[in-house]
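K.L.:
First, the structure itself, so that you have it in front of you.
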Amino acid sequence: MSLNRVYLDHAATTPMVPAAVEAMTRELTRVGNASSLHGSGRGARRVVEESREEIAACLGAEPSEVIFTSGGTESDNLALKGAYWAARRSDPARTGLVSSVIEHHAVLDSLGWLSESEGADVTLVGVDDDGVLDLAQLERSITARTALVSVIWGNNEVGTVQPMPAITARAAEHGALSHADAVQVVGHLPVDFSATGLDLLTLTAHKLGGPYGVGALLAKREIQLTSLLHGGGQERDVRSGTLDVPAVAGFAAAVSQAVYGVTDFEARVRALRAELVAGVLDVIPEATLNGVLEPARSLPGIASVSVPGCEADMLLMLLDAARIDCSAGSACSAGVSEPSHVLMAMGRTEHDARSSVRFSLGHTSTTADVAALLEALPVAVDRARAAGSYAR
């Protein structure tokens, strides 16, 4: 195996693409606050607005619908809290928030806070054993009192993709807004914001080849949001703060490259994932896949596998020692000993959830990466099982 590390954790973050590095580096050598009126400030503002236009064009949105944020977590918080507060001001009876049991914690924890601190009536809709939302339960859950329906478009742990147009249509029937956390989808599957019927969509740069610390919330122009931050009134007066111009430029370059290359990316990465899954099930016959492989219902690069008799944390450490990077689920939950809430919601046992490892592929992934994993995995599994037996 190569002395270099094998990186199979693209769902946590993916390497920056050269175009994003170049765009960001170019702006780092320039000075200018995009809110300043002098020439340097106007130059910085021009970079921001051209980046906004580029991102909008790539995603089927209007430039005015792109609100820059610090990333996915802030965008999710702004979507949920901002939309809920605005809805309550216009109609105090709209206290309902509907979401799913397999959301990212940026959504689940925001919902919990709104319930405990703001009196929101939160309903979490269940999923089947593949992680697909129960549309009948969703329809029953949305009422005239629902302010917002928020569903993760592509799950970050098992890769299941939700039927977003059907979800937005049900929300619209009751006058509720719709939001999708599309952090794992943009750049991995085709996205047309206007065509989906969504009111709000979250994306972030570092999942698609851009820098850390920058993302966006797409919000239809007519949507009223209450700001989380107060200050200079930037970004439609809902996201105050000095914009990171180099990061915004890198973000736009990454979105452009990812979106315009998405067809080739999806085909290549899906083929690699199929090779990886088939290989894992061959060398570890008792392993099981969590989620689905069908293109219509899955992200191209995520494969979650349960390995009976193994503690995921132990298996990860052994693979890490073999210079292979992977994860046990969401990077935002790293170090947390609780079993995956996503897998538990899909009906897996606690043992299955604790023995599950996520391999995620991206734009730098190769067949050599897959081969290296398949070489190292049987040895790591045997050692993890032996360590578990010894511990018991």
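K.L.:
Would you confirm whether any residue within the range 261-270 is free of Cβ contacts under 8 Å to residues at least 24 places away in the same chain and more than 30 Å from Ala19 (Cβ to Cβ)?
P.N.:
Within the range 261-270, none of the residues are free of Cβ contacts under 8 Å to residues at least 24 places away in the same chain and more than 30 Å from Ala19 (Cβ to Cβ).
K.L.:
Additional query: I'd like the residue in the range 229-263 that is open to solvent by 70 Å² or more (accessible area, probe 1.4 Å) and either assigned to a loop (DSSP other than H, G, I, E, B) or touching an Asp or Glu at 6+ places or on another chain (Cβ under 7 Å) (or both) and, out of all such residues, is farthest from His188 (Cα to Cα).
P.N.:
His230
K.L.:
Exactly one condition in (1) farther than 19 Å from Val107 by Cα; (2) in contact with a strand residue (DSSP E or B) (Cβ under 6 Å, 6 or more places away or on another chain) is not met by Ala216; state its number.
P.N.:
(1)
K.L.:
Please find, among Ala106, Ala120, Ala83, the residue that is touching a residue at least 12 places away in the same chain (Cβ under 8 Å), farther than 17 Å from Thr146 by Cβ and within 25 Å of the chain's Cα centre (by Cα). Walk me through it before giving the result.
P.N.:
Details: Ala120 fails: farther than 17 Å from Thr146 by Cβ; Ala83 fails: farther than 17 Å from Thr146 by Cβ.
Testing whether each residue is touching a residue at least 12 places away in the same chain (Cβ under 8 Å), farther than 17 Å from Thr146 by Cβ and within 25 Å of the chain's Cα centre (by Cα) leaves just Ala106.
K.L.:
Taking helices (runs of 4 or more DSSP H) that fall entirely within the range 326-392, which contain at least 1 residues that are under 25 Å from Leu272 (Cβ atoms) and modelled with pLDDT of 95 or more? Spell out how you get there, then give the answer.
P.N.:
Numbers: elements: 341-345, 350-354, 367-391.
In the range 326-392, 341-345, 367-391 are the helices (runs of 4 or more DSSP H) which contain 1 or more residues that are under 25 Å from Leu272 (Cβ atoms) and modelled with pLDDT of 95 or more.
K.L.:
Taking the condition out of contact with any Phe, Trp or Tyr (no Cβ under 7 Å at 6 or more places or on another chain) and over 20 Å from Ser178 (Cβ atoms), does Val21 pass?
P.N.:
Criteria met by Val21.
K.L.:
Look at the range 23-46 and say how many of its residues are more than 30 Å from Trp153 (Cα to Cα) and not in a loop (DSSP other than H, G, I, E, B).
P.N.:
12
The values are calculated or read from the model by the stated rules, or taken from the named source; none is laboratory data. Bear in mind the structure is a predicted one, so any value in this text is a computation, not a measurement. Glycine also receives a Cβ, built like all others from the backbone with ideal geometry; neighbour counts cover every protein chain displayed. Ligands, DNA and RNA are stripped out before the accessible areas are found, and what is left, the full protein with its side chains, is counted by its heavy atoms. Shrake-Rupley method; radii C 1.70, N 1.55, O 1.52, S 1.80 Å.
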